[in-house]
Amino acid sequence: MLAFELYQKNKDSTTGDVKSLKPIKKIIYNKGTWNIDVKTIEEYGSDISSKFSAIQNWLSMPLSTTDPDELNLPDHRTSPAQPSPYILIYGALKTNKSKKSLLTLSIGKKPHTIEHVIDISTKQITEKQSKQVSLKLEKNNYKIDGKAIFDLYVESGIINKKGVLDKSEYQKIISRLTDYITKRNLENAPIGLQGFTIHLLPSADKISFENEER
C-alpha cells in the first residue's frame, strides 16, 4: 500500500474536517530555503500515542489532534474530495517480522506521483517518478498575512500557477528530508504499517481561514 493510499484509508470526516489521528511534520520555506521544523513534541504540547510513539519520537512529530493554535494548520474541509489547503508528502513506515523497516515518501496521486523509499537499516534510497505531478490545491481561503497560501507556494517556486510540481525544487526538499531521516535512529518500530503526513508550508507565520469565493 502506498503512503497516499494509507492516508486515504485512515481519513475520518465525522468531526467536521478530514483529519484523523496521525503524526505530522512540517517543512517551512524561508528566504529561498526549505527548513525542517525543529520544534519538539513537548513544545507543541502534543500527546504521544501508544500506536505512533516510535515514529513520533523518531522524527519529533506532534499529533494531528494537538491544540489548533499550536499546530497552526487549519483545515476546514468537510470531504476528502475537496482540494487540500497544503502541499502534502505522505509517509508510510512498514516494518516486517524481521524488524526490517522501509519508509515510503510520496507526493501526488496515482498514477502521477513521485515516490522515494528509504531502507532504514542500509540508508539506501530508491526513487520512482512520473513525468509530471499536478497537485489539487485550494486556492483562495487559507491565507498568511492576507495572501493566499496557494499564491505563496507559487512565489516559493514549488509549484506553478497550474499547481504543477517543480521537480527540481521538490528534490531539494527530499534531499534535506532524507538527510534528516537517515541521521536519526528508529527504535522499537512496531510490526506493520504506520502513516503520517509532512506539510510543506510557504511560511511559519499564522495561517487564517477566510471563506470566500472568486
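The values are calculated or read from the model by the stated rules, or taken from the named source; none is laboratory data. Everything numeric in this text was worked out from a predicted model, so none of it was measured. Here the Cβ positions follow ideal geometry from the backbone for every residue, glycine too, while neighbour counts run over all protein chains shown.
Could you grab me the full set of residues in the stretch 190-206 that are among the aliphatic types (A, V, I, L, M) and either at pLDDT below 95 or closer than 16 Å to Lys25 by Cα (or both)?
Listed by number, the residues that qualify are Ile198, Leu200, Leu201, Ala204.
Any idea how many residues of the stretch 175-202 are in a helix (DSSP H, G or I) and surrounded by fewer than 18 Cβ atoms within 10 Å (Cβ to Cβ)?
6
Name the single residue, out of those in the stretch 113-126 being in a strand (DSSP E or B) and without any contact (Cβ under 8 Å) to a residue 40 or more places away in the chain, that is surrounded by the fewest Cβ atoms within 10 Å (Cβ to Cβ).
Among them, the one singled out is Thr126.
Taking Lys110, is it surrounded by fewer than 15 Cβ atoms within 10 Å (Cβ to Cβ) and at pLDDT 95 or above?
no
Within the stretch 130-150, track down each residue that is touching a Gly at 6+ places or on another chain (Cβ under 9 Å) and not in a loop (DSSP other than H, G, I, E, B).
Within the stretch 130-150, Ser134, Leu137, Phe150 meet the criteria.
Filtering the stretch 71-96 down to residues that are among the small types (Gly, Ala, Ser) and outside any loop (DSSP other than H, G, I, E, B), which residue is surrounded by the fewest Cβ atoms within 10 Å (Cβ to Cβ)?
Residue satisfying both the conditions and the ranking: Ser84.
Restrict the check to the stretch 18-33 and report whether at least one residue is without any contact (Cβ under 8 Å) to a residue 60 or more places away in the chain, touching a strand residue (DSSP E or B) at 6+ places or on another chain (Cβ under 9 Å) and not in a loop (DSSP other than H, G, I, E, B).
No; the residues of the stretch 18-33 include none that is without any contact (Cβ under 8 Å) to a residue 60 or more places away in the chain, touching a strand residue (DSSP E or B) at 6+ places or on another chain (Cβ under 9 Å) and not in a loop (DSSP other than H, G, I, E, B).
Could you list, in sequence order, the residues of the stretch 40-50 that are more than 17 Å from Ile181 (Cβ to Cβ) and surrounded by 14 or more Cβ atoms within 10 Å (Cβ to Cβ)?
Within the stretch 40-50, Tyr44, Ser46, Asp47, Ile48, Ser49 meet the criteria.
Pairs only if they're at least six apart or on different chains, beta carbon under 6 angstrom, first in the stretch 143-159 and farther than 15 Å from Leu73 by Cβ and at pLDDT 95 or above, second of a type in the set (Asp, Glu) and not in a helix (DSSP H, G or I); list them, first residue then second.
That search, which allows pairs on different chains as well, returns Gly157/Asp166; Ile158/Asp166.
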